[in-house]
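Let me begin by presenting the structure, written as structure tokens, before commenting on it.
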Amino acid sequence: MKEAKDPLTGEVFIKQRNNQVFANRKNQVRFNNLKAQEKRKATSQINRMLDNNRAILKRILNGEKETVKSLD
């Protein structure tokens, strides 16, 4: 059996499978959740601005597919 180091906790464990990376399932889920949280945090400000723009356009279109509006 080979030893490996868990990327989340840093603990050394004995692999039970050849492709095992984490010591247990709980560590794998936590690691992936933290990674997804970082990604969401990086894009949250941009997504907020896009959502605001989408809401404004939806209000201007008022249910129509196309409309002509002046800049005034």
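Observations
- Segments 22-31, 5-14, 44-53 sorted - mean Cβ within 10 Å per residue, highest first: 22-31, 5-14, 44-53
- Only Cα pairs under 8 Å and 6+ residues apart enter the sum, and on that basis the relative contact order of the chain stands at 17 percent.
- Placing unit charges on each Cβ (+1 for Lys and Arg, -1 for Asp and Glu) gives the chain a dipole about its Cα centre, and among LEU34, PHE22, LEU50 the Cα reaching farthest toward its positive end belongs to PHE22.
- The angle between the Cα long axis of helix 25-61 and the main principal axis of the chain comes to about 0°, on a 0 to 90 degree scale.
- Using a Förster distance of 35 Å, the FRET efficiency for ASN24-SER44 (Cβ separation, nearest 0.05): 0.70
- Rolling a 1.4 Å probe across the protein heavy atoms gives the chain an accessible surface of 97 Å² per residue.
The values are calculated or read from the model by the stated rules, or taken from the named source; none is laboratory data. All values derive from a computational prediction rather than experimental measurement. All Cβ positions, even for glycine, are placed from backbone atoms using ideal geometry, and neighbour counts span all protein chains on display. Areas reflect the complete protein model, heavy atoms only, side chains present, ligands, DNA and RNA absent. Shrake-Rupley method; radii C 1.70, N 1.55, O 1.52, S 1.80 Å.
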